[in-house]
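Derivation of every value follows stated rules applied to the coordinates shown; laboratory data play no part. No experiment lies behind these values; they were computed from the predicted model shown. All Cβ positions, glycine included, derive from the backbone under ideal geometry; neighbour counts span all protein chains shown.
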Ligand SMILES: [Zn+2]
């Protein structure tokens with residue numbers, strides 16, 4: 001047993017020194033998924049289902065370490081995909097500033113596509129694993145996945161709000177982990193496992209373990225490519241562009257992150273904007289619209 005342990009330790013050292021090789025996952029120590037998709041019932045209406053009797057699988061060591069705030073984001077894997085993100089959410093690491101733009105991040109499997117059946121039109125959101133309101137982590141590629149509007153709003157937001165509310169009210173900590181669950185080598189996650197546990201009261205205030213589906217009612221998604229189409233219609237051709245007018249557009253806009261409006265640099269309201277709220281952005285209109293920014297009514301960008 002001791003020999004095996006030292007062999008594993010040696011391999012670990014080798015792996016770490018090589019900077020993330022596949023040995024870790026071969027040993028089952030790296031990107032192993034905490035749940036199998038076989039355990040998850042097919043999507044049938046509710047945006048999320050309880051996993052493991054709604055009990056999170058944090059270890060005693062993890063719980064003991066969570067009396068102080070921290071945050072952790074896994075390195076992207078060899079396919080450029082996010083791993084789990086975990087935080088002990090405390091009032092000291094919650095953000096005090098407005099959220100900036102995340103339109104420059106393109107998570108694995110990303111497509112810019114619009115449907116009238118989707119709230120806000122854009123099928124995909126750059127979906128925070130640990131929500132901005134909890135740790136203030138914004139345009140971090142290790143914390144953003146290609147997630148549907150439905151996953152973002154119906155699947156995840158209530159749990160984030162619950163944690164934010166509890167931490168603000170009690171000033172206790174909530175141990176929170178979000179793990180994107182991929183099928184094989186697919187770039188788009190099938191869903192996310194969300195686990196939460198309030199630390200100081202031993203889970204009396206917050207305790208959950210749920211899987212939220214990365215689906216969008218009315219739209220069919222090919223998780224191997226991120227392509228999508230209206231359910232009941234034919235899939236698009238392989239070479240069909242997402243939004244024809246959005247190819248390679250690099251326009252400079254000025255954002256007001258407080259009002260969440262975007263302007264042309266020449267707009268009269270830009271000079272009066274406070275530096276705190278002003279942010280320059282280079283990209284496309286769709287990048288901003290899909291990040292819930294609204295065009296200014298004066299300069300009409
Ligand atoms: Zn303007």
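What translational diffusion coefficient, in µm²/s and rounded to a whole number, does the Stokes-Einstein relation yield for segment 22-179 at 25 °C and a viscosity of 0.890 mPa s, taking the hydrodynamic radius as the Kirkwood radius over Cα pairs? Stokes-Einstein gives a translational diffusion coefficient of 143 µm²/s. Against the main long axis of the alpha-carbon atoms of the chain, helix 2-18 sits at an angle near 20°.
Between residue 114 and residue 185, the modelled labels are 3.5 nm apart [label points 7 Å from Cα along Cα→Cβ]. In the elastic network of the chain, a GNM with C-alpha springs shorter than 10 Å, the most mobile of 282, 192, 89 is 282.
Take every Cα pair under 8 Å in the chain that's 6+ residues apart, average their separations, divide by the length, and report that relative contact order as a whole percent.
Details: 555 pairs, mean separation 52.7, N = 301.
Once divided by the residue count of the chain, the mean separation gives 18 percent.
Which angle from 0 to 90°, rounded to the nearest 10, does the C-alpha axis of helix 157-170 make with the longest principal axis of the chain? Once rounded, the angle reads 70 degrees.
Compute the Rg/Rh shape ratio of segment 138-241: radius of gyration over Kirkwood radius, all on alpha-carbon atoms. Intermediate values should be presented prior to the final figure.
Values: Rg = 16.8 Å, Rh = 15.6 Å.
Rounded to two decimals, Rg over Rh is 1.08.
The protection proxy used here, the mean number of other Cβ atoms lying within 10 Å of each residue, ranks peptides 141-150, 213-222 as follows, highest first: 141-150, 213-222.
Between 198, 185, 290, the residue with the greatest mean-square fluctuation in the GNM of the chain (Cα pairs under 10 Å linked by springs) is 185. Note on the chain: with a GNM built from Cα contacts shorter than 10 Å, the maximum mean-square fluctuation among 138, 125, 54 falls on 54.
Three principal axis extents of the chain based on alpha-carbon atoms, in descending order, are 69, 48, 43 Å.
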